[in-house]
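Novice: Following this message is one structure expressed as structure tokens.
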Amino acid sequence: MTHQNSDAFVFFGATGDLAYKKIFPALQAMIRHGELDMPIIGIARAGWSLDKLRTRARESVQEHGGVDKAAFAKLAAQLRYVDGDYNEPTTYERVCQALNGARRPVHYLAIPPSMFATVVQGLAHAGCARNARVIVEKPFGRDLASARALNRTLHEVFPESSVFRIDHYLGKEAVQNLVYFRFANSFLEPLWNRNYIDNVQITMAEKFGVQGRGGFYEEVGAVRDVVQNHLLQVIALLAMDAPTGRDPDAMRAEKLRLFRAMRPLDPAEVVRGQFRGYRDEDGVAADSKVETFAAMRLHIDTWRWAGVPFYIRTGKRLPITTTEVTVDLKCPPLPMFDRITAQQSNYFRFRLSPEVVISTGARVKTAGDEMVGEPVELVARRSPASEDFPYERLLSDAIKGDASLFTRDDSVEAAWRVVEPILGNVTPVHSYAPGTWGPAAAAKIVVAGEGWYNPKPERAPPC
Ligand code: BG6
């Protein structure tokens, strides 16, 4: 399907943290690749001038990837700034003026969801939502009811085909490669089911804490911040059936089927944790029960996956920063030689960040008289930490109107339905020491087998 490109890029929240860390570096990269030849209009209520925004943009790219002189000069020249209160109709009138005749703007709401309704209605009243697209940031709602309400709000002004919900994990090269690897290789399909797979684990570990975002984090916690979106999305890509056809909606339809087959999480199969020291962070309540760690067992009720546990774990202040998936195959049915445990046996490993790795675990005989072996890894892809910005890819796609990598209203709601039973304080929060793999209680989530795989620093292969 072909779509018309947007002809102006408008972003709300221009002076914020997300703009600083992700948006400006992505905009510079888009200009470098010739994908953003249009007015770029930043909006915020900060009392700033355009020059101050340009300085901020320069600092942002300096810190995140470096300044590309030519591309940055263009970015600075294309940049406009509208300072105004989101509650004031005149703000949107000035946005319309800044559009300067552009007819198909894309409006990016890099602002708290509590402001979505106000901004969307403001744009509509001023007449600058016509033929426009809207990009919204996560968190998309706080639970199923609020996600539905947000969808209704957006749909009052924008049809679903013009709504682009960002989950930056879907723009990551490693996540794209996971999808490619699954569906471009026929050897996987016969194995990819309950007959051969024992369990699947995904660990998203971060060595750092909440990095000054205590106030934001108090509102979300680990389950809302990364499980409902990034991690369930990765599981959906890993576990869904092959889409029938290349239409973006074919892929989204399969993902939706998978989300709907996920059994809502059972609080008895969830362990929440909080690192010691979290309560001393700025913006965090002294008696906060918000989780900075969560581990859980998920079930997918399909013929392909019945009985295969999916173990999900994430946390701040863990020993390492990485996201890794392991798909553990069952052990040989009878021990012929040495005893083999599940983790020393066959598996597929997908490291999604910071490096990109796809490998498979196998066993070979150790040289000598005895029939004993050792584990080895066959590496299909090992690339160093990527300099690519997932935001560049996603924002470029939204400008082109390609919704393949964005989450649809029905999928977002289906994912909320999965986490809904474990939101809030329905389970106790255990404290854990920074630099560890979370509270000891998390061990009980992995039933049978060898426990959690703890990802290690990735070593370059021997030359
Ligand atoms: C964000 C979360 O969505 O993803 C952060 O809000 C988290 O808490 C981040 O640190 C991780 O993304 P990445 O791409 O930096 O690994």
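The values are calculated or read from the model by the stated rules, or taken from the named source; none is laboratory data. Predicted model, so just to flag it, every value in this text is computed and none were measured. With ideal geometry, Cβ positions are generated from the backbone for all residues, glycine too; neighbour counts draw on all protein chains shown. Remember, those area values only see protein heavy atoms, side chains included, never the ligands or the DNA or RNA. Shrake-Rupley method; radii C 1.70, N 1.55, O 1.52, S 1.80 Å.
Novice: Identify, please: which residue in the stretch 344-375 is among the polar types (S, T, N, Q), crowded, with 17+ Cβ neighbours inside 10 Å and closer than 19 Å to Glu450 by Cβ and is, among those, modelled with the highest pLDDT?
Specialist: Per the stated criteria, the residue is Ser359.
Novice: Additional query: Among the residues of the stretch 289-305, is there at least one that is in contact with a strand residue (DSSP E or B) (Cβ under 9 Å, 6 or more places away or on another chain), open to solvent by less than 10 Å² (accessible area, probe 1.4 Å), within 16 Å of the ligand (Cβ to nearest atom) and assigned to a loop (DSSP other than H, G, I, E, B)?
Specialist: yes
Novice: Of all residues in the stretch 315-328, how many are open to solvent by 20 Å² or more (accessible area, probe 1.4 Å) and away from the ligand (no atom under 14 Å from the Cβ)?
Specialist: Total meeting the criteria: 1.
Novice: Right, another one. Looking at the stretch 32-47 only, could you name the residues that are open to solvent by 50 Å² or more (accessible area, probe 1.4 Å) and within 26 Å of Asn87 (Cβ to Cβ)? Walk me through how you get there before you give the answer.
Specialist: As a first pass, look at the stretch 32-47 and keep what is open to solvent by 50 Å² or more (accessible area, probe 1.4 Å): 32-35, 37, 45, 47.
Within the stretch 32-47, Arg45, Gly47 meet the criteria.
Novice: Continuing with the same structure: Only one residue in Val136, Val106 is within 16 Å of the ligand (Cβ to nearest atom) and either open to solvent by less than 10 Å² (accessible area, probe 1.4 Å) or within 18 Å of the chain's Cα centre (by Cα) (or both). Which one?
Specialist: That would be Val136, the only listed residue that is within 16 Å of the ligand (Cβ to nearest atom) and either open to solvent by less than 10 Å² (accessible area, probe 1.4 Å) or within 18 Å of the chain's Cα centre (by Cα) (or both).
Novice: Same structure, new question: Condition check: assigned to a loop (DSSP other than H, G, I, E, B) and either surrounded by fewer than 16 Cβ atoms within 10 Å (Cβ to Cβ) or within 16 Å of the ligand (Cβ to nearest atom) (or both). Does Ala403 satisfy that?
Specialist: Answer is no for this residue.
Novice: Here is a further query. Tell me which residues, restricted to the stretch 338-375, are hydroxyl-bearing (Ser, Thr, Tyr), part of a strand (DSSP E or B) and more than 16 Å from the ligand (Cβ to nearest atom).
Specialist: Tyr347, Ser359, Thr360
Novice: Would you check if there is a residue in the stretch 414-436 being more than 30 Å from Phe164 (Cβ to Cβ), without any contact (Cβ under 8 Å) to a residue 40 or more places away in the chain and more than 18 Å from the chain's Cα centre (by Cα)?
Specialist: no
Novice: Now for a different question. Evaluate the following for Leu378: is it assigned to a strand (DSSP E or B) and either at pLDDT 95 or above or touching a helix residue (DSSP H, G or I) at 6+ places or on another chain (Cβ under 8 Å) (or both)?
Specialist: yes
Novice: Restricting to the stretch 244-269, what's the tally of residues that are modelled with pLDDT under 95 and either in contact with a Phe, Trp or Tyr (Cβ under 9 Å, 6 or more places away or on another chain) or within 16 Å of the ligand (Cβ to nearest atom) (or both)?
Specialist: 2
Novice: Report whether or not Leu394 is within 30 Å of Gly449 (Cα to Cα), within 16 Å of the ligand (Cβ to nearest atom) and touching a helix residue (DSSP H, G or I) at 6+ places or on another chain (Cβ under 9 Å).
Specialist: Judged against the criteria, Leu394 is not a match.
Novice: Same structure, new question: Name every residue in the stretch 55-70 that is on the phi > 0 side of the Ramachandran plot and either surrounded by 16 or more Cβ atoms within 10 Å (Cβ to Cβ) or touching a Gly at 6+ places or on another chain (Cβ under 7 Å) (or both), in order of residue number.
Specialist: Of everything in the stretch 55-70, just one residue is on the phi > 0 side of the Ramachandran plot and either surrounded by 16 or more Cβ atoms within 10 Å (Cβ to Cβ) or touching a Gly at 6+ places or on another chain (Cβ under 7 Å) (or both), namely Gly65.
Novice: Of the residues in the stretch 434-445, how many are of a type outside the set (Gly, Ala, Ser) and open to solvent by 20 Å² or more (accessible area, probe 1.4 Å)? Show your work before the answer.
Specialist: From the stretch 434-445, those of a type outside the set (Gly, Ala, Ser) are 434, 436-437, 439, 444-445; that's our starting set.
Imposing the further condition that a residue be open to solvent by 20 Å² or more (accessible area, probe 1.4 Å) reduces the set to 434, 436-437, 444.
Residues that pass the stated criteria total 4.
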